[in-house]
1. Any residue that is surrounded by 13 or more Cβ atoms within 10 Å (Cβ to Cβ), of a type in the set (Ser, Thr, Tyr) and touching a helix residue (DSSP H, G or I) at 6+ places or on another chain (Cβ under 8 Å) - is there at least one of those in the stretch 105-126?
2. Could you tell me whether any residue of the stretch 15-38 is assigned to a helix (DSSP H, G or I), more than 13 Å from the chain's Cα centre (by Cα) and at negative phi?
3. When you check LEU69 against the structure, is it surrounded by 12 or more Cβ atoms within 10 Å (Cβ to Cβ), touching a helix residue (DSSP H, G or I) at 6+ places or on another chain (Cβ under 6 Å) and touching a residue at least 60 places away in the same chain (Cβ under 8 Å), yes or no?
4. I'd like the full set of residues that are more than 19 Å from CYS3 (Cβ to Cβ) and either in contact with a Pro (Cβ under 6 Å, 6 or more places away or on another chain) or surrounded by 13 or more Cβ atoms within 10 Å (Cβ to Cβ) (or both), limited to the stretch 19-38.
5. Kindly establish whether ALA73 is at negative phi, modelled with pLDDT of 85 or more, over 16 Å from the mean Cα position of the chain (by Cα) and of a type in the set (Gly, Ala, Ser).
Amino acid sequence: MKCELYLITSKKSGFLKRESCVITFFEDEVLVTTISKEKLKELYANSKEETKASGGGFFRQMVNASKVLSEYADKVSSMDIEEIKKENTEVIKKSSIKKLRYRNYSEVVDMENNNTSKSEGKLVLVLDNKKMKFYHNYRDKNIKEYINKYLK
């Protein structure tokens, strides 16, 4: 079964610390794949080695390193449910989600004062026994529509 939607997010993992996550939405469950610090280092190292092997220099390595997280999320979204569960994944049954809240990322530019204020997007899953908060940089209205209809 293919995922219906996936999001690259982050969650708090301690005082001033965050972990990256890939949230994949399926018809009957939501999978939250947390990308550990070790996994991220491994992904960066693999990207660096592949770039070096293909003859890329320092700047090419930096550009490819910036794409590591999105490439990993693409890989996870194309996996089968059982393959995703083998990663560092938490399975949330759709029936255990009591409420889903989603707010888009926003950016307001004040031209008079030459100032920009940004507001992180937020996804909150309220479950039977806990609340999970995730932060993101998506502005797409289609995502909001999908999430608003997901529990209906």
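1. No, that holds for no residue.
2. Looking only at the stretch 15-38, we keep the residues that are assigned to a helix (DSSP H, G or I), and these are 37-38.
Next, only the ones that are more than 13 Å from the chain's Cα centre (by Cα) stay: 37-38.
So of that shortlist, the ones also at negative phi come out as 37-38.
Within the stretch 15-38, one or more residues are assigned to a helix (DSSP H, G or I), more than 13 Å from the chain's Cα centre (by Cα) and at negative phi.
3. Details: surrounded by 12 or more Cβ atoms within 10 Å (Cβ to Cβ): yes; touching a helix residue (DSSP H, G or I) at 6+ places or on another chain (Cβ under 6 Å): no; touching a residue at least 60 places away in the same chain (Cβ under 8 Å): yes.
No, not satisfied.
4. From the stretch 19-38, those more than 19 Å from CYS3 (Cβ to Cβ) are 19, 36-38; that's our starting set.
Those that are more than 19 Å from CYS3 (Cβ to Cβ) and either in contact with a Pro (Cβ under 6 Å, 6 or more places away or on another chain) or surrounded by 13 or more Cβ atoms within 10 Å (Cβ to Cβ) (or both): GLU19, SER36.
5. Answer is no for this residue.
The values are calculated or read from the model by the stated rules, or taken from the named source; none is laboratory data. Predicted model, so just to flag it, every value in this text is computed and none were measured. Cβ coordinates were reconstructed from backbone atoms using ideal geometry, including for glycine residues, and neighbour counts include every protein chain displayed.
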